[in-house]
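Every number here is computed from the coordinates shown, using simple stated rules; none is lab data. This structure is a prediction, so every number in the text was calculated from the model and none was measured. Positions of Cβ are backbone-derived with ideal geometry, glycine not excepted, and every protein chain shown enters the neighbour counts.
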């Protein structure tokens, strides 16, 4: 059995794996899409733009999944912790990339029924900036 493909995936498999890892790490499941991006670019540096796009789209769609799931929760009295999200609105999702609070911000935005398109744009901008920094810091 040949396992060499697991250590050096084809460009297509690497991009697909990065998309899946990015999507899953933006949901409530733990994940490390940054490490997958870095490893893929070490193997295939010519894929920087495609990898940046796949990671951003996958992670944004994962955040939107959390957003839409939270919209299903009936709205009740606003917990004090969510007041910050209501005050800054969809722009607070610029921080949706941050560990620990990112998933909570996406869920809060959905629960508060913030505009989904504005949330998507802010979320994507923050996630793109994070992945672009990884590409840049990785020397690609």
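Here are a few things to note about the model shown:
- Length gained when the stretch residue 13-residue 118 is fully extended (0.36 nm per residue, less Cα-Cα span): 34.6 nm
- Axis angle, to the nearest 10 degrees, between helix 102-111 and the longest C-alpha principal axis of the chain: 40 degrees.
- Packing-based order for 10-16, 66-72, using average beta carbon neighbours within 10 Å, highest first: 66-72, 10-16
- Between residue 84 and residue 133, the C-beta separation translates, for a Förster distance of 22 Å, into a calculated FRET efficiency of about 0.35.
- Computed from Cα atoms, the angle from the helix 11-25 axis to the main principal axis of the chain rounds to 30 degrees.
- Ordered by the number of other Cβ atoms lying within 10 Å of each residue's own Cβ, fewest first, 19, 128 fall into the sequence 128, 19.
- Label assignment, Cα extents along the principal axes in Å derived from the structure, set [x] 62, 23, 21; [y] 57, 32, 22; [z] 38, 37, 25: [y]
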